[in-house]
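Q: One structure is given below, represented as structure tokens, and several questions about it will come after.
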Amino acid sequence: MSERDLRFLSELAAQLRVDSVRSSAAAGSGHPTSSMSAADLMAVLFACHLRYDFQAPDNPGNDHLIFSKGHASPLLYSLYKAAGAISDEELLSFRKRGSRLEGHPTPDLPWVDVATGSLGQGLPVGVGVATAGRLERLPYRVWVLCGDSELAEGSIWEAAEHAGVEGLANLTLIVDINRLGQHGPTRHGWDTGAYARRFGAFGWHTIEIDGHDPGQIDFAMNDACNTRRRPTAILAKTRKGEGVLEVENREGAHGKPLKDPDKAISELGGARDLRVEVLPPEPTGEPFRFHDGELTLPAYKVGDKVATRTGFGAALVAVGAARGEVVVVDGEVADSTKAEAFAKEFPERFVECYIAEQQLVAMAVGLQVRGWIPYGATFAAFFTRAYDFIRMAGVSRASIRLVGSHAGVSIGEDGPSQMGLEDLAMMRTVYGSTVLYPCDANQTAALTAAMADISGVSYLRTTRGDTPVIYQPGERFPVGGSSVLRQSAEDRATIVAAGVTVHEALAAADELGREGIQVGVLDMYSIKPIDTAALTEAATTTGTLITVEDHRPEGGLGDAVLDAVGELGPRVVKLAVRDLPGSATPEEQLADARIDRHAIAEAVKRVL
């Protein structure tokens, strides 16, 4: 690298620091010091190694840059200005109402793949994007910028092991080791060797450098691009607040604009208006996709007993045969979720994440960045471990499909550690989410297929045990709809159920009917969006709704119903799992939780 090139890179890094100071000062908030430490790293990346067409962010050959340390957004936006993607005027709109330049990056900007800022997520998502590159057979690279503080997150090491075992050579992690976290020094300070030993143990190629030396940075990035069969971690020793004496390597400056920005800008050599010509992507052609075919969903005979998880597994194979962009991500429970049927039929589109639920969800998010249609499946209870990733998927407007099996007390003897009893509430709260809970195998198959076209985070809840098939094959179940299973002019109440409790509700209605008490039964298979029209009609005609769910009373079906019709003033009685279950048979569990057919009938009579 020539002296002229080195001078340009140093000047570009200084401009990035100045613009980080300026934008944070204009906002009155932000993280300029965290941006200043990584400025040299990103200057070299943008000027020498990144391949990206800012005029065509959908170009399939573009590299991907993920700022896992999303609080360093002033640096990212300063890079966009240097590349000519945004104006200086927009840069100074940072963190202001209506600006695309939010405090942490989101896909409101077309060059941002996913929302970041919840630390520990950028690398796991980057692993997903790099996995997509392998499926697509394209040469683009994935660059992830991490801070050293977030290397304390367990999700980083889930990602590191997955990438190392899979040999994702198209993935480069750049760690900005500036020694200082939000509150005091980081765990290992400037000991880059400690991080090298950890990444090396997971099979990564590691390079330790001075993160303020453009020549070393350029060498490291070239080395990463030339490394085969394993990912690379560039471990860069830097100084937080680099270039400004007031804040350089000083505690207590995190997350604050500089007290005297004009002095700092002068110390950095003044404002500049350099432009960097980012290299264009290599001509690649179209991403590889697997063949599409006809959709032929499984068909189950009315009256047979089939678990909804079985219907899901068979439907997944059918959807995979029809749509070549469908990919399945597993948490080492495919035999239980029944996703193993897809793995056997389409092994090249099956991604095993093992028992690493954060990486499972992040993998799905990364795959959908590149246009794949991912389904991620594990036990409903285990998605709670990955909730922050699910929450951030909503912020990213990511379209992922999650399937939770073994939901509720009806799983039986395994006990409460395995019972998903909070999942409906958890998924309902996610921005833009869809929550589905089928009661039989044909309904499950139809909803599994429908999920492929749902935008945002969608969730399907399945049941472990066999349940009666009550719907004919081929029946339609629109998202946001419901099914009326019992209804008459003499109905004195309406039982609203979903999943396993639909069958208990039907049995309770029959039992009550024999006693001369007529009740309606509504199968609310779509919990979000919910069928407000059907609920309104039921509430208006009978005046009483009794919800019954194999879930905690907080945030599930009952609360969804109350949200829909509460203003109408009907009586709503919620039957749900209120006590801590133990081990028992499924039938005993439902009875003990007071959500079986007898408890439902008693509740109706008590209310009436």
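The values are calculated or read from the model by the stated rules, or taken from the named source; none is laboratory data. Just so it is clear, the model here is predicted, and its values are computed rather than measured. Backbone-built Cβ (ideal geometry, glycine too); neighbour counts: all protein chains shown.
Q: What about residue 513, is it out of contact with any strand residue (DSSP E or B) (no Cβ under 7 Å at 6 or more places or on another chain), surrounded by fewer than 24 Cβ atoms within 10 Å (Cβ to Cβ) and either at positive phi or in the same structural domain as residue 421 (by TED's automatic domain parsing) (or both)? Give the steps one after another, and end with the answer.
A: Working: out of contact with any strand residue (DSSP E or B) (no Cβ under 7 Å at 6 or more places or on another chain): yes; surrounded by fewer than 24 Cβ atoms within 10 Å (Cβ to Cβ): yes; either at positive phi or in the same structural domain as residue 421 (by TED's automatic domain parsing) (or both): no.
No, not satisfied.
Q: Just the residues that are touching a Leu at 6+ places or on another chain (Cβ under 9 Å) and surrounded by 15 or more Cβ atoms within 10 Å (Cβ to Cβ), please, taken from segment 247-260.
A: Once the filter is applied, which keeps residues that are touching a Leu at 6+ places or on another chain (Cβ under 9 Å) and surrounded by 15 or more Cβ atoms within 10 Å (Cβ to Cβ), segment 247-260 yields 247, 249, 250, 253, 254.
Q: So, one more: Please count how many residues of segment 533-578 are modelled with pLDDT of 95 or more, surrounded by fewer than 16 Cβ atoms within 10 Å (Cβ to Cβ) and assigned to a loop (DSSP other than H, G, I, E, B).
A: 2
Q: Let me confirm something: among 301, 344, which residue is surrounded by fewer than 24 Cβ atoms within 10 Å (Cβ to Cβ) and not in a helix (DSSP H, G or I)?
A: One residue alone meets the criteria, 301.
Q: So which residues in segment 172-210 are among the hydrophobic types (A, V, I, L, M, F, W, C), in a helix (DSSP H, G or I), in contact (Cβ under 8 Å) with a residue 12 or more places away in the chain and more than 17 Å from residue 155 (Cα to Cα), if there are any at all?
A: Restricting attention to segment 172-210, the residues satisfying the condition of being among the hydrophobic types (A, V, I, L, M, F, W, C) are 173-175, 177, 180, 190, 194, 196, 199, 201-202, 204, 207, 209.
Okay, now just the ones that are also in a helix (DSSP H, G or I), so 194, 196, 199, 201.
Filter once more, keeping what is in contact (Cβ under 8 Å) with a residue 12 or more places away in the chain: 196, 199.
Selection gives 196 alone.
Q: What residue, among those in segment 347-384 that are in contact with a Lys or Arg (Cβ under 7 Å, 6 or more places away or on another chain) and farther than 19 Å from residue 130 by Cβ, is surrounded by the most Cβ atoms within 10 Å (Cβ to Cβ)?
A: 380
Q: Show me the helices (runs of 4 or more DSSP H) found entirely inside segment 1-84 where at least 2 residues are of a type in the set (A, V, I, L, M, F, W, C).
A: On the way: elements: 3-27, 32-37, 39-44, 73-82.
Filter on segment 1-84 gives 3-27, 39-44, 73-82.
Q: State yes or no: is residue 390 closer than 23 Å to residue 308 by Cβ and part of a loop (DSSP other than H, G, I, E, B)? Lay out the reasoning, then the answer.
A: On the way: closer than 23 Å to residue 308 by Cβ: yes; part of a loop (DSSP other than H, G, I, E, B): no.
No; evaluated as a whole, the condition is false for this residue.
Q: Considering segment 261-293 alone, what residues qualify as being among the acidic types (Asp, Glu) and surrounded by 14 or more Cβ atoms within 10 Å (Cβ to Cβ)? Don't jump to the end; show me each part of the working.
A: Going residue by residue through segment 261-293, those that are among the acidic types (Asp, Glu) are 262, 267, 273, 277, 282, 286, 292.
Residue satisfying the conditions is 267 alone.
Q: Okay, next question. So residue 218 ticks every box in (1) modelled with pLDDT under 95; (2) not in a loop (DSSP other than H, G, I, E, B) but one. Which box is left unticked?
A: Result: residue 218 passes all but (1).
Q: Name the residues in segment 64-85 that are farther than 17 Å from residue 27 by Cα and in contact with a Phe, Trp or Tyr (Cβ under 9 Å, 6 or more places away or on another chain), would you?
A: We begin by selecting, within segment 64-85, every residue farther than 17 Å from residue 27 by Cα; these are 64-69, 79-80, 82-85.
Scanning segment 64-85 gives 64, 65, 66, 79, 80, 82, 83, 84, 85.
Q: Just one of 164, 122, 147 is surrounded by fewer than 24 Cβ atoms within 10 Å (Cβ to Cβ) and farther than 28 Å from residue 324 by Cβ; which is it?
A: Numbers: 122 fails: surrounded by fewer than 24 Cβ atoms within 10 Å (Cβ to Cβ); 147 fails: surrounded by fewer than 24 Cβ atoms within 10 Å (Cβ to Cβ).
After ruling out the rest, the residue left standing is 164.
Q: Right, next: From the list 143, 111, which residue is without any contact (Cβ under 8 Å) to a residue 60 or more places away in the chain, in contact with a strand residue (DSSP E or B) (Cβ under 9 Å, 6 or more places away or on another chain) and within 23 Å of residue 54 (Cβ to Cβ)?
A: On the way: 143 fails: without any contact (Cβ under 8 Å) to a residue 60 or more places away in the chain.
Within the list 143, 111, the selection yields 111.
Yes/no matrix, rows are residues, columns are (1) in the same structural domain as residue 526 (by TED's automatic domain parsing); (2) within 17 Å of residue 404 (Cα to Cα); (3) acidic (Asp, Glu); (4) surrounded by fewer than 24 Cβ atoms within 10 Å (Cβ to Cβ):
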residue: 438; (1), (2), (3), (4): no, yes, no, no
residue: 442; (1), (2), (3), (4): no, no, no, no
residue: 447; (1), (2), (3), (4): no, yes, no, no
residue: 450; (1), (2), (3), (4): no, yes, no, yes
residue: 475; (1), (2), (3), (4): no, no, yes, yes
residue: 488; (1), (2), (3), (4): yes, no, no, yes
residue: 491; (1), (2), (3), (4): yes, no, yes, yes
residue: 496; (1), (2), (3), (4): yes, no, no, no
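Q: A further question on this structure: Which members of segment 249-298 meet the condition of being modelled with pLDDT of 95 or more, basic (Lys, Arg) and either in contact with a Pro (Cβ under 9 Å, 6 or more places away or on another chain) or not in a loop (DSSP other than H, G, I, E, B) (or both)?
A: 263
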